[in-house]
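Encoded as structure tokens, the structure appears first; notes follow it.
The values are calculated or read from the model by the stated rules, or taken from the named source; none is laboratory data. Since the model is a prediction, treat every value here as computed from it, not as a measurement. Virtual Cβ from ideal backbone geometry, glycine too; neighbours counted across all protein chains shown. The protein model used for the area step is the full one, side chains on, heavy atoms only, and it has no ligands, DNA or RNA in it. Shrake-Rupley method; radii C 1.70, N 1.55, O 1.52, S 1.80 Å.
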Amino acid sequence: MLILTEAEFRESAESSLRLVFLNDDPFNQRFAPDVPARRIIYEYFYRIEPPLLDAVVAAASRVGDTGCYLSNLWRNKEQPEHPNHWYIHFSEISAYIAADGKVFNNALTSENVLYSPQGKWGVMMSHEHHGLLAGTHEFMEEICRLIPDLDRQVYGFLDYWKYWYSQGNSADVTWLPGLLTQIYGRETAKTMLREAGLKSIWRKYSSEVVFT
């Protein structure tokens, strides 16, 4: 593994990250326009594990990567000397699997992102146990081949938010239609929310957004 300073991250890694994710928000994400394949994955506790991790490594290797970057998205600005970015060669990926919170400066107990040095894919993890998986068609096709139920994981994610929304409508789900629309398209997002019993969220969203 190789630790990157903030300066090294900005110089050599950040541009790769922005070829996939335009910001560091797994809820109000703006995907890079040239990233064609996108999915929501669920349920993961701050990191992906086998078999999905094995599939990501296999798919990344197929598109030419021999390792990946890991960045902590909850960086402590008052402690800039603490590492927040790493390069992990795939031969050392077991360190990612086995790591406790201290190994990567608590990155694996907070929001974080794994991503391609070529900018061909990325996996961003949220504190609400979902992730955003995005990349080239070739990358995603390999993931789907190795994880046949990948496209079903979004429904567990929707059930999770349906539960919290049903608890007195206190959960903020205003971001949900927009994220689903970016990933699955308008009509599919609308159908997903209706089937999940969240139709009222779509109605509110569509009344506020002008579709072109």
Q: Please count, across the chain, the pairs of lysine residues with Cα atoms under 26 Å apart that sit 8 or more places apart or on different chains.
A: 6
Q) Which percent of the accessible heavy-atom area of segment 103-202 goes to carbon and sulfur, probe 1.4 angstrom? A) 48 percent
(Q) Explain nothing, just compute: Karplus ³J(HN,Hα) = 6.51 cos²θ - 1.76 cosθ + 1.60, θ = phi - 60°, for every residue of segment 173-178 in order, whole Hz, x for Gly and Pro. (A) 10, 5, 7, 4, x, x
(Q) Starting from 0.36 nm per residue, how many nanometres of slack lie between LYS162 and THR188 once their C-alpha separation is accounted for? (A) 7.6 nm
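For segment 72-183, give the magnitude of the charge dipole about the Cα centre (Cβ charges: +1 Lys/Arg, -1 Asp/Glu; no others), in debye to the nearest 20.
100 debye
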Q. Among 177-184, 14-21, 29-36, what's the highest-first ranking by average C-beta atoms within 10 angstrom per residue?
A. 177-184, 14-21, 29-36
Q.
Give me the one-decimal nm value for the distance between modelled label points at GLU49 and GLU92, 7 Å along each residue's Cα-to-Cβ direction.
A. 2.3 nm
Q: Using Cα pairs closer than 8 Å and at least 6 residues apart in sequence, work out the relative contact order for segment 146-207, in percent.
A: 29 percent
Q: State, to one decimal in nm², a quarter of the convex hull surface area for the C-alpha atoms of segment 1-75, i.e. the direction-averaged projected area.
A: 6.0 nm²
(Q) Given the -39500 (n - 2.57) contribution per DSSP H run of 4+ residues, what per-residue ellipticity at 222 nm results for the chain, rounded to the nearest 500 deg cm²/dmol? (A) -10000 deg cm²/dmol
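Length gain on complete extension for the stretch THR5 to GLU195, per 0.36 nm per residue less the alpha carbon to alpha carbon distance? Can you show the working numbers first?
On the way: separation 190, 0.36 × 190 = 68.40 nm, distance 4.57 nm.
My answer for the length gained is 63.8 nm.
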